[in-house]
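The values are calculated or read from the model by the stated rules, or taken from the named source; none is laboratory data. Here the structure is a predicted model, which is why all the values come from computation and not from measurement. Reconstructed Cβ throughout: ideal geometry from the backbone, glycine too, with neighbour counts over all protein chains shown. These area figures cover heavy atoms from the full protein model, side chains too; ligands, DNA and RNA do not enter into them. Shrake-Rupley method; radii C 1.70, N 1.55, O 1.52, S 1.80 Å.
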Amino acid sequence: MNFLIKSTLLLVTLAGVHFQCQRQQSDAEATTNSQENPISETGFKRTAGTADTSGMVFIPGGTFLMGADEFPDSRPVHQVAVDGFYMDEHEVTNAQFAEFVKATGYKTVAERPLNPADYPGVDPAMLVPGSAVFTPTLTKVSLENPLQWWRYEKGASWKQPEGPGSSIKGRENHPVVHVSYEDAAAYAKWAGKRLPTEAEWEYAARGGKGEHTYYWGDDLKPGNKWVANIYQGSFPNNNLKEDGYAGAAPVKSFPANPYGLYDMDGNVWEWCQDLYRPDTYTNSANKNPTGPTDSYDPDEPGVVKRVQRGGSFLCSDEFCIRYKAGSRGKGEVTSGSDNLGFRCVADRK
């Protein structure tokens, strides 16, 4: 596959880059036929540890209404029951991920050499590891082409978020970014934890408050204060930074929800373990659902994707409206970007 085509494919399937973020899918797009897309799990060989539940919150089991009528792939709204579980109170930070890398020598997907065999006919000098970095445009542009504000930055990774010359020094308490699903799952296994199901994630994000427009309530700016790290201003050229941040914020910068969880809305997208299908909720289990057995996205048939939740610092009602309660994101499993991270959960013993 041509390198530029491959890069484009990765970019438009990144968390927060989906075309669905800027518009809602039509009902016709949301109706799809089953397509088998088997996925092989990453073979991370380190023996899983025992989960340390300090820094985690116990979420008591219960029943809730999952989904949102506003989004075709979040329909129908349906009742789901989940058992109790522990969840990280905040997104995994650079400092925490650094401990994992130090202990294991793990290399993220963004840091690994590209195999020339996967890119026949392409100059090997062009095959440089990297990841996607958001770059504001100079002027207002059409929102139809995300490649106007995303660039493939050679050398960008979790420890060089903006590429060579950047670092995480002074950002130890920021969420780790540029992590693929494989990277997140490897960290979770090392920590003796796992990634949340999207049912667990949404149940925790709702905080026992029931159905609302946003996970924090129905007012975008309650008490005239921003309560999540999202985008203010004209996207993608003029971020007013009214919430204090142009990019990811340190964890715990905004109020926790009733369960004591931070940044369940905005900041960075978070990986879930479920494979993505737009028709998942039409036949989803009503107790502890773990998602479909195959992945299918009508926008990119044949590309394996996992669910992502919560939106990021690039979301607003002007663009990427899928930070709203009950909405779903999706991402190609080897992709990463500077607005994509994760948090873990652990089962109650």
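Quick notes on this structure:
- Residues that are surrounded by 17 or more Cβ atoms within 10 Å (Cβ to Cβ) and among the small types (Gly, Ala, Ser), drawn from the stretch 275-295: Ser284, Gly291, Ser295
Conditions tested, residue by residue: (1) within 17 Å of Leu340 (Cα to Cα); (2) surrounded by 13 or more Cβ atoms within 10 Å (Cβ to Cβ); (3) in contact (Cβ under 8 Å) with a residue 12 or more places away in the chain; (4) of a type in the set (Lys, Arg).
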residue: Thr104; (1), (2), (3), (4): no, yes, yes, no
residue: Glu111; (1), (2), (3), (4): yes, yes, yes, no
residue: Tyr119; (1), (2), (3), (4): no, yes, yes, no
residue: Pro124; (1), (2), (3), (4): no, no, no, no
residue: Leu127; (1), (2), (3), (4): no, yes, yes, no
residue: Gly130; (1), (2), (3), (4): yes, yes, yes, no
residue: Phe134; (1), (2), (3), (4): yes, yes, yes, no
residue: Val141; (1), (2), (3), (4): no, yes, yes, no
residue: Asn145; (1), (2), (3), (4): no, no, no, no
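- Residue check for Ser337: over 22 Å from Ala186 (Cα atoms) and open to solvent by less than 30 Å² (accessible area, probe 1.4 Å): no
- Single condition Arg151 does not satisfy, out of (1) open to solvent by less than 70 Å² (accessible area, probe 1.4 Å); (2) at pLDDT below 95: (1)
- Tally of residues being surrounded by fewer than 24 Cβ atoms within 10 Å (Cβ to Cβ) and either acidic (Asp, Glu) or touching a strand residue (DSSP E or B) at 6+ places or on another chain (Cβ under 7 Å) (or both) across the stretch 174-191: 2
- Val92 vs. criteria touching a Cys at 6+ places or on another chain (Cβ under 9 Å) and surrounded by 13 or more Cβ atoms within 10 Å (Cβ to Cβ): yes
- In the stretch 203-234, residue nearest to Met87 (Cα to Cα) [restricted to those that are among the basic types (Lys, Arg) and surrounded by fewer than 18 Cβ atoms within 10 Å (Cβ to Cβ)]: Lys209
- Cross-chain or 6+ apart pairs with Cβ under 6 Å, the stretch 167-194 first and farther than 16 Å from Trp269 by Cα, then charged (D, E, K, R) and surrounded by fewer than 20 Cβ atoms within 10 Å (Cβ to Cβ): Ile168/Lys159; Ala188/Arg194; Trp190/Arg46
- Qualifying residue in the stretch 302-310 (condition: open to solvent by 20 Å² or more (accessible area, probe 1.4 Å) and either at negative phi or within 10 Å of the chain's Cα centre (by Cα) (or both)): yes
- Flag: Pro298 does not match the condition of being touching a Lys or Arg at 6+ places or on another chain (Cβ under 7 Å), on the phi < 0 side of the Ramachandran plot and open to solvent by 10 Å² or more (accessible area, probe 1.4 Å).
- Verdict on Glu200 being in contact with a helix residue (DSSP H, G or I) (Cβ under 8 Å, 6 or more places away or on another chain), of a type outside the set (Gly, Ala, Ser) and in a helix (DSSP H, G or I): no
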